[in-house]
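Heads up, the thing below is written out as structure tokens.
Read-outs: derived from the displayed coordinates by stated rules, not from any lab. Note that this is a predicted model, so its numbers are computed, not measured. Using ideal geometry, Cβ is built from the backbone for each residue, glycine included, and neighbour counts are taken over all protein chains shown.
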Amino acid sequence: MKYIEVEFTFNPEEIDGEIVLAEISDLAFESFAEEDGKILAYAQEEDFDASALKDFQWLKDNPVKFKQNQINDINWNEEWEKNFDPIEVSDNCIVRATFHNVEKEYEYDLLIDPKMSFGTGHHATTHLVLKNMFQFNFEGSQVLDMGAGTGVLAVLAIKLGADHALAIDNNPWAFENAMDNVKLNDCEGKITVEIGESELIQGKTFNYILANINRNVILADLPHYEKALAKDGALLVSGIMNHDVQFVLDKAKEVGLVLDSLEEKDNWNLFVFKKLLID
């Protein structure tokens, strides 16, 4: 399997790397690696659309340069062993890979072999959701992990006592990775992983919906989340940058969701919404 690597370079003093990552994530890349002033993006050769990259208006309008290279097979696990450190979410929760040896014992020990799927806990968006999940009572609940990536949010939900979690992602790579991580955490039978979009939740109800995706998908899917959210449930939305907060608040109000809390980390935001209940 051959991959195309696209190297995006920029001056961090002129533009925030998180903004660059958020914008290029709309293109057909499977995975990203971040360095200071540089982001490496990867796509399978047969899926790579050079014309879409060349015509991407945001790149034309901003001080970001890019070049592409064809690379042969990559040992993704080896790459992650070089760059993926354990993440301590709290004093009692850690996200780590199977190759990490951790001396301290954690009540919630989440094993995630990412294989370049999004959702290791390193990024502010995932970390915000993981940390805030401890504020809720998941006992006996039905959970939706939308845009599941590695499936780490679904795994934590089950560890926190949820009866079942549905993990959905539209990327076959993420699907396979999430399936592997479900097995690693002994969550088979408790987590269902599916490939698709929000049409998969029609007619279903969830006590908790965890949506860590991007602005465009969130705005399009908020009406579906509102319909699928139980009356006393909570919707946790992440993947939204500071300059997009008002767009999400306006759309949420339009569909009948009420903001319960808002937290920011490194220019990224986590929203907690509840249903607007009418007497």
Relative packing of peptides 219-227, 166-174 - highest average C-beta neighbours within 10 Å first: 166-174, 219-227
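For Asn242, what is the net charge nearby, where nearby means another residue's Cβ is under 11 Å from its Cβ and Lys, Arg count +1, Asp, Glu -1?
-4
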Residues Leu184 and Leu40, FRET efficiency given R0 of 22 Å [Cβ-Cβ distance, rounded to 0.05]: 0.25
Residues of type lysines that Lys104 reaches as a straight line, Cα spacing below 30 Å, ignoring anything fewer than 8 places off in the same chain: Lys82, Lys115, Lys131, Lys159, Lys183, Lys190, Lys265
Net charge over other residues, Cβ less than 15 angstrom from the Cβ of Glu105 (K, R count +1; D, E count -1): -2
Euclidean distance of C-alpha centroids, region 21-70 and region 144-194, integer Å: 27
Which label in (1) 0.99; (2) 1.24; (3) 1.05 gives the computed Cα Rg over 2.2 N^0.38 Å: (1)
Contact order normalised by residue count of region 135-261, Cα under 8 Å, 6+ apart, percent: 22
Peptide ranges 229-240, 192-203, 45-56 listed from the most packed, as the mean C-beta count within 10 angstrom indicates: 229-240, 192-203, 45-56
CD proxy at 222 nm, helix term only [per DSSP H run n ≥ 4: -39500 (n - 2.57); per residue of the chain; nearest 500]: -8500 deg cm²/dmol
Ranked by how many other beta carbons lie within 10 Å on average, peptides 138-145, 205-212, 105-112 from highest: 205-212, 138-145, 105-112
Length gained when the stretch Lys227-Ile195 is fully extended (0.36 nm per residue, less Cα-Cα span): 9.5 nm
More than 21 Å apart - percent of Cα-Cα pairs taken over region 93-237: 36
Whole-number percent relative contact order across the chain, with pairs defined as alpha carbons under 8 Å at least 6 apart: 13
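Quote the FRET efficiency, to the nearest 0.05, computed for Lys274 versus Glu107 with a Förster distance R0 of 41 Å and r equal to the Cβ-Cβ distance.
0.90
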For the chain, with +1 on Lys and Arg beta carbons and -1 on Asp and Glu, the positive-most of Gln135, Ala234, Asn177 along the dipole: Ala234
Selected from Gly17, Pro223, Gln246, residue furthest toward positive end of dipole (the chain; charges at beta carbon): Pro223
Simple Cβ-charge dipole of the chain, Lys/Arg +1 and Asp/Glu -1, about Cα centre, in debye nearest 20: 680
Partner lysines for Lys227 [C-alpha distance under 21 Å; skip if fewer than 8 residues away on the same chain]: Lys204, Lys251, Lys253, Lys274, Lys275
